[in-house]
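In what follows, a single structure is set out as structure tokens and then discussed.
Here, each number is a calculation from the coordinates, and none is a lab measurement. Since the model is a prediction, treat every value here as computed from it, not as a measurement. Cβ placement follows ideal geometry from the backbone for every residue including glycine, while neighbour counts extend to all protein chains displayed.
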Amino acid sequence: MRTKIATSILLLSVFFIFVGCTNEQTDDKGIFKIGLLPDDASIPIVLADELGYFENEGLQVDIQLFRSAVDRDAAIQAKELHCVSTDVLSLGLFHESGFAVYGVARTQGTYSILINSNTHINDMEDLTGRSIGISFNTLMEYLLDTALIYNEINPDQVDKISIPSIPARLEMLNNGQIDGATLPEPLASGAAANGSRLLISNGEFDTYPGILMVTGEYIDNNTLALQAFFRAYNKAVDYINHTPQDNYFSSINEKLAFPEGAEDYYQVKDYPKIDLPEKKEIEKGMQWLFDKELISEEYSYEELVVDVME
């Protein structure tokens, strides 16, 4: 089992420096390859790249944008990526499959349950018997279940409708074909701007499942590069938290291809500095996966998380 803090890797890196060897930051000519989805968890990473913070840290970062979590996960399995911005459920499922990946940091993503304004739903209790668009066995279903349980509602009392395509889910919500839907930001704000009503967001039921997941092979050889990545990320967070979004949103939008008009309805929120994934988030996610028989055991925090912080 991997030690939680890769002390031996750090010592080995220092040794190579002192003996005059070249200590490459990654296993691919110094390029750190990360896969992102077009959501708000990706904003600090894209901004760190746009502002040159990665370059200032001596780190080359190749940001690859994916429209589908399935395509993103296939890319890291094919070793085309070193890291992905994902969630605790994906981490558990990869571990179940035997693929060596680990959570190294938490991310700050916002996810909301929205309802069509014509449904006369006023609170969570009114969701009983209503149709809610999700994708089964994914973060979207997990967030819906967690919100329902937080409000003491049995998830089985809600009519879950499988709509894996997020754009299709959004369109069906706007057209009144489903009563509600679980959506990430900034699509959630876009739905609200087009007449849907926000019912609850993950912060209201204290659930933050987003993480950065890195391959074990990369961690073993590139602790210093990850620490450089974290420093650049934190500089971007400082910039976001102290700068009007009009100063940078157009460049973010160009890279992440947010929906048209996002700059008019989406408000970037403050971000926390980089930190380890929270133990409670890992444990909640593993329990949900285990209860749904998607994993064979509830993997521990120590099995899933590696501490490479400075």
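Note on Phe229, Phe66, Phe99: ascending count of other Cβ atoms within 10 Å places them as Phe99, Phe66, Phe229, the fewest first. Counted over the stretch 68-227 with a bin width of 10 Å, the fraction of Cα pairs per bin, in whole percents, is 10, 37, 30, 17, 6, 0.
Among the listed pairs Lys255/Lys284; Lys79/Lys292; Lys235/Lys255, which are separated by more than 22 Å between their Cα atoms? Result: Lys255/Lys284; Lys79/Lys292 exceed 22 Å.
Per-residue 3J(HN,Hα) values for the stretch 300-310, derived from phi via the Karplus relation 6.51 cos²θ - 1.76 cosθ + 1.60 with θ = phi - 60°, read 7, 4, 5, 6, 10, 10, 10, 8, 10, 5, 5 Hz in sequence order (x marks Gly and Pro).
Sorting Arg169, Arg197 from the fewest to the most surrounding beta carbons within 10 angstrom yields Arg197, Arg169. Helix 88-97 and the long axis of the chain differ in direction by around 70°, with both axes built from C-alpha atoms.
Averaging 1/r across all pairs of distinct Cα atoms in the stretch 111-201 and inverting the result yields a Kirkwood radius of 12.5 Å.
Measure nothing but the geometry: give the 0 to 90° angle between the long axis through the Cα atoms of 139-150 and the longest principal axis through the Cα atoms of the chain, rounded to 10°. Once rounded, the angle reads 60 degrees. Both radii were evaluated on the Cα set of the chain; the Rg over Rh quotient, with Rh as the Kirkwood radius, amounts to 0.98.
Helix 223-242 and the longest principal axis of the C-alpha atoms of the chain enclose an angle of approximately 50°. Residues His82, His95, His242, arranged from fewest to most other Cβ atoms within 10 angstrom of their Cβ, appear as His242, His95, His82. Taking other residues whose beta carbon is less than 9 angstrom from the beta carbon of Tyr266, and scoring Lys, Arg as +1 and Asp, Glu as -1, yields -4.
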